[in-house]
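Following: one structure in structure tokens, then a few remarks.
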Amino acid sequence: MGSRLLQDPRTQEECFRQARGIISDIARSLRGEPALGLGLSKDIGVSRASNNIHPSESLRAAMALFEAITTTVADIVESPHDVLALALATNKLVSQRIRMASSSYMGFLLESIEQTHLRERKRISREVHDRIGGNVAAAHRQIELATALRPTQPDRADEWTSGAELTLRHTLGDVRRLVSDLRTWEPEGGLESSLRSYLDSAKPAGMEYALRVNGDEFNLSSEIRGEAFLIIREAGRNAVRHSKAGRLLIQVNITPNELYAFIEDDGVGVDMACKQGMRNAGLCSMRERAALLEGEIVITSQLGRGTRVELLIPLRHAADGDA
């Protein structure tokens, strides 16, 4: 099936532990005894979320196990009643585990988002205190000095006044950048115009950018449009602030089945082998937002050759799991 669950030794072992537990509990259930192995499902939900593995992978594994159990037993048990009893017990126990794992998966993501919001509030508090508060205090002091010197040293007073004006001008720029970071886009403005407005206000003077949105974005729900904007804006903000790129390319393609976007720069790149660098709050927030929409974030980069961030959000569930 090409399942991601087999690509990592830990998730692979969890799969087989879960399968053994389910089979054991099926036997207990058929004997009228209570199930014992439900606790592992809660741990699996957290593990899937922390490793950015969508619950659909667990569902596919459960379907494969259900098929393996029922077809195997059907070959060795003659009574249709016994096969039906086994199928019902299997379905019940698998469904219980899926519900428990999904609940812990969502709980982990919601807690992670709350922590991300808390970190963002702390960051904003630091920005307001250190940049805006510090600059306003400095400008106030400069005005006080200018006022004190005005009667005896008007030239020096003018210098202090000019310094205060410059400080306040810089502060106003800081306020605008902070507000731009906080502002969510207005739905009537649209995804493209909101991204363009953000990039125009945030990009450094030496950076060029190209932005294109293909497809009808107003076929998207307001939730998906809003979350997609926040994810793409965060990727663009990382490029603007950290990439030292000369060119930034953002493209969004919207079809009836999916939203696909990529954000690509020609900057300094990221060391993908350094896990610490790939776990900052912004990237975690992007992954969490995408996961809540059953989407996925893929980041590829090379030092000195730029970074590419890809976002995929499914818009309609296909008829079969493979699609």
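Quick check on the exposure proxy: order Leu259, Leu166, Leu283 from fewest to most C-beta atoms within 10 angstrom.
Leu166, Leu283, Leu259
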(request) For every other residue with a beta carbon closer than 10 angstrom to the beta carbon of Gln302, add +1 if it is Lys or Arg and -1 if Asp or Glu, then tell me the sum. (result) +1
(request) Decide, for the range 4-111, between rounded, prolate and oblate: order the square roots of the alpha carbon gyration tensor eigenvalues as a ≥ b ≥ c, take rounded if a/c falls under 1.5, and otherwise choose prolate if a/b is larger than b/c, else oblate. (result) prolate
(message) Of Leu178, Ala61, Phe218, which is farthest towards the positive pole of the chain's charge dipole, taken about the Cα centre with +1 and -1 on the beta-carbons of Lys, Arg and Asp, Glu respectively?
(response) Leu178
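Under a point-charge model restricted to the Cβ atoms of Lys and Arg (+1) and Asp and Glu (-1), what is the dipole moment magnitude of the chain relative to its Cα centre, in debye to the nearest 20?
For this selection, approximately 920 debye.
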(request) Would you calculate the separation in nanometres between label points at Arg241 and Ile113, each defined as 7 Å from the Cα along the Cα-to-beta-carbon direction? (result) 2.1 nm
(message) In the chain, once you exclude exposed trypsin sites (Lys or Arg not before Pro) (DSSP loop, at most 16 other Cβ within 10 angstrom), what's the longest stretch remaining?
(response) 32-182
(request) Evaluate the relative contact order of the chain (contact order divided by residue number), counting alpha-carbon pairs under 8 angstrom at least 6 apart; express in whole percent. (result) 12 percent
(message) Using only Cα atoms and rounding to the nearest 10 degrees, what angle (0 to 90) does helix 80-127 make with the longest principal axis of the chain?
(response) 10 degrees
(message) Can you tell me how the range 189-323 classifies by the Cα gyration tensor, rounded, prolate or oblate, using a/c under 1.5 as the rounded cut?
(response) oblate
(request) Express in nm, to one decimal, how much length is gained between Leu303 and Ala148 on full extension, taking 0.36 nm for each residue of separation and deducting their alpha carbon distance. (result) 50.4 nm
(message) Counting only GluC sites (Glu not before Pro) that sit in a DSSP loop (anything but H, G, I, E, B) with at most 14 other Cβ atoms within 10 Å, what is the longest stretch of the chain containing none of them?
(response) 79-293
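Taking K and R as +1 and D and E as -1, what net charge do the other residues with C-beta under 14 Å from the C-beta of Leu88 add up to?
-1
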(request) Using only C-alpha positions, report the orientation-averaged shadow area of the convex hull of the chain, nm², one decimal. (result) 22.4 nm²
(request) Pop a pseudo-label 7 angstrom from the Cα along the beta-carbon direction at both Ala137 and Leu88 and give the gap in nm to one decimal. (result) 7.3 nm
(request) Quote the FRET efficiency, to the nearest 0.05, computed for Thr71 versus Ser222 with a Förster distance R0 of 35 Å and r equal to the Cβ-Cβ distance. (result) 0.20
(request) Determine the dipole magnitude for the range 4-111: charges of +1 sit on the beta-carbon of Lys and Arg, -1 on that of Asp and Glu, nothing else is charged, the reference point is the Cα centre, and the result goes in debye to the nearest 20. (result) 260 debye
(request) Report the FRET efficiency, 1/(1 + (r/R0)^6), for Asn52 and Leu30, where r is their Cβ-Cβ distance and R0 is 25 Å, rounded to 0.05. (result) 0.10
(message) Could you compute the net charge surrounding Phe108? Neighbours are other residues with a C-beta less than 13 Å from the C-beta of Phe108; K and R count +1, D and E count -1.
(response) -1
(request) Report the extension gain between Arg126 and Ala210 in nm, rounded to one decimal, defined as 0.36 nm multiplied by the number of residues separating them, less their alpha carbon distance. (result) 27.0 nm
(request) Note the angle between two axes, namely the Cα long axis of helix 191-202 and the longest principal axis of the Cα atoms of the chain, as a number of degrees from 0 to 90, rounded to the nearest 10. (result) 40 degrees
(request) Working from Cα positions, state the angle (0 to 90°, nearest 10) between the long axis of helix 222-242 and the longest principal axis of the chain. (result) 60 degrees
(request) Putting +1 on Lys and Arg Cβ atoms and -1 on Asp and Glu Cβ atoms, find which of Val136, Asn51, Ala19 reaches farthest to the positive end of the dipole of the chain. (result) Val136
(message) Nearest 5 percent is fine: what portion of the DSSP beta bridges confined to the chain is antiparallel?
(response) 75 percent
(request) Specify which residue in the list Thr147, Ala290, Met1 is farthest towards the positive end of the charge dipole of the chain, using unit charges on the beta carbon of Lys, Arg (+1) and Asp, Glu (-1), about the Cα centre. (result) Thr147
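Each reported figure results from applying straightforward, stated rules to the coordinates on display, with no laboratory input. Please read these numbers as outputs of a predicted model, since none were measured by experiment. Glycine gets a Cβ as well: all are built from the backbone with ideal geometry, and neighbour counts include every protein chain shown.
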